[in-house]
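Notes for the one structure printed next.
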Amino acid sequence: MKIFKPINRFAISAFAAFAFISCNSDDDAPDEPIVEVIPPIILDCGYFNENFNIHLTDDPNAPVDFIINCDPKINGDLIIDAGVVIAFESNAGLILGKEANGKIQMNGTAENPIILTGTQQDKGSWRGIQISSDNPANQMNYVTVEYAGQGGRGGWALQGSVIGAAGGVMKMDHCTVQEGHLIGLHWVGTTLNAGKLTLSNSTFTGNDIPIQTSVNHINTIDGTSTYTGNVNDYIKLTQTDTHQDVTFHKTDVPFLSAGFKPDNEMSRKFTFKPGATLLMEAGSKIRFQNAFHYDHEVVMVGTANEPITIKGKEDVPGYWEGIQIDYTTNPLNEIGFLNIANAGKTNGYPNGAILLGSNDLFLKMHDVNFIDCFEYAVSVQSASSINFSYDNLILVNTPKMFSDFSGNEITIP
């Protein structure tokens, strides 16, 4: 274990030698061994250009093991051992590429985490790490990334302390991303082959936004990790087609969505776990259909004690358009114990918070509260031909229950 693990490592190490001498100068104090404090090793771009595979090891007597003063691209292996502390200067960072299929393994432990920090302890004092390696062995365990997020690189202009781009693959467990400028973890990519993020038992705090990503990368963003204590306590989702089955978990902050829909490749399953909460951007829509007709599966079922909540980012009737379901006869489709708020178009019909389109649809709906929606709770295109059952639908500051797609109020037996 290192002799020092303070937050202000550089201030402490500057006085370390003096502190040892002062203690030993007291005639009444018992003699103590003087521990040699090792200065950090400077790694410049010349080092990275000359070494294809990098293995950084811990010196227990070095409060900071390495200082990196550039922004190198590493295409080979990058192995960092437990206890290593790396400080990055301004405009420095790491770009972890995939051209040589190099693997990234940062294996800290609870007792000896890996620390990636800045020489200046201010938000955005260094660039951060960018991951595009798609090696399935990539992993970060017990790694702290702090004070990063400075600017974007070249034409990418990507923001974040930890960035996944160009098909990057990473498994993060017991990691901490803190005090980052703009975005803590920014996992980019919307296509089918956009990489994979596996996240567990991690902490995102002190950032402007804890996480920004697409719906395709949310399956492991769950309750095992914490996302509070940021300037904006929400997980920001970019608008995208979904290219896989998607699960929204209950997290300690809501998801903020600009809307999403399935792709045109095949049937997708959308699962919303009890307690999941989504904030919707202005004018956005969730649609469980695209141009081609697949039997997409929608399972949006909370519980009485943990309902699912989908509402506008602002508490205004008609702030977002609502949920639309079309052309799916999947018998598992169910919406239950849902609080849906602030939905419904304000400029035309249909304007229900939930839209049931087409004449080819199956849906079981129950225990839904329509709260502060613009006009109608549910708009139905073809009430006589769909398989639609409902029970315990409640209007809370929402004027009317059912309409057709022309805005006429109707009754559904």
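The set of residues from region 65-81 being aliphatic (A, V, I, L, M) and either open to solvent by 40 Å² or more (accessible area, probe 1.4 Å) or in contact with a Lys or Arg (Cβ under 9 Å, 6 or more places away or on another chain) (or both) comprises L78, I79.
Every residue, every condition in (1) of a type in the set (D, E); (2) crowded, with 21+ Cβ neighbours inside 10 Å; (3) in contact (Cβ under 8 Å) with a residue 40 or more places away in the chain, yes or no:
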| position | (1), (2), (3) |
| --- | --- |
| S200 | no, no, no |
| P210 | no, yes, yes |
| T238 | no, no, yes |
| D245 | yes, no, no |
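What number of residues within region 212-229 are over 13 Å from M172 (Cβ atoms), of a type in the set (S, T, N, Q) and open to solvent by less than 20 Å² (accessible area, probe 1.4 Å)? So the count comes out to 2. Residue check: T329 meets all listed conditions (1) within 18 Å of I394 (Cα to Cα); (2) open to solvent by 10 Å² or more (accessible area, probe 1.4 Å) but one, namely (1).
Results for (1) in a loop (DSSP other than H, G, I, E, B); (2) among the polar types (S, T, N, Q); (3) touching a helix residue (DSSP H, G or I) at 6+ places or on another chain (Cβ under 8 Å), shown as yes or no for each residue.
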site	(1), (2), (3)
Q212	no, yes, no
I221	yes, no, no
N232	yes, yes, no
K236	no, no, no
K250	yes, no, no
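Every condition in (1) surrounded by fewer than 19 Cβ atoms within 10 Å (Cβ to Cβ); (2) over 31 Å from the mean Cα position of the chain (by Cα); (3) assigned to a loop (DSSP other than H, G, I, E, B) holds for D360 except the one numbered (3). Among residues of region 115-126 that are touching a residue at least 24 places away in the same chain (Cβ under 8 Å), those with a beta-carbon under 6 Å from a residue that is open to solvent by less than 20 Å² (accessible area, probe 1.4 Å) and assigned to a loop (DSSP other than H, G, I, E, B) at least six positions away or on a different chain give the pairs G118/S125; G118/W126; G124/G149; W126/A92; W126/A148. Being open to solvent by 10 Å² or more (accessible area, probe 1.4 Å) and of a type in the set (V, I, T) is a property that I354 lacks.
When M266 is tested against (1) in a loop (DSSP other than H, G, I, E, B); (2) under 23 Å from I340 (Cα atoms); (3) not polar (S, T, N, Q), exactly one condition is not met: (2).
The residues listed here are A110, A87, A62; of these, the one that is surrounded by fewer than 18 Cβ atoms within 10 Å (Cβ to Cβ) and either on the phi < 0 side of the Ramachandran plot or part of a strand (DSSP E or B) (or both) is A110.
Let's see how each residue does on (1) under 24 Å from the mean Cα position of the chain (by Cα); (2) more than 20 Å from E409 (Cβ to Cβ); (3) part of a loop (DSSP other than H, G, I, E, B):
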position	(1), (2), (3)
Y294	no, yes, yes
M300	yes, yes, no
Q324	no, no, no
L332	no, yes, yes
T346	no, no, yes
P350	no, no, yes
A377	no, no, no
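The values are calculated or read from the model by the stated rules, or taken from the named source; none is laboratory data. Computed from a prediction, not measured in an experiment: that's the story for all the values here. Because the Cβ atoms are built from the backbone with ideal geometry, glycine has one as well, and the counts that use them run over all protein chains shown. Note: areas computed on protein heavy atoms with side chains; ligands, DNA, RNA excluded. Shrake-Rupley method; radii C 1.70, N 1.55, O 1.52, S 1.80 Å.
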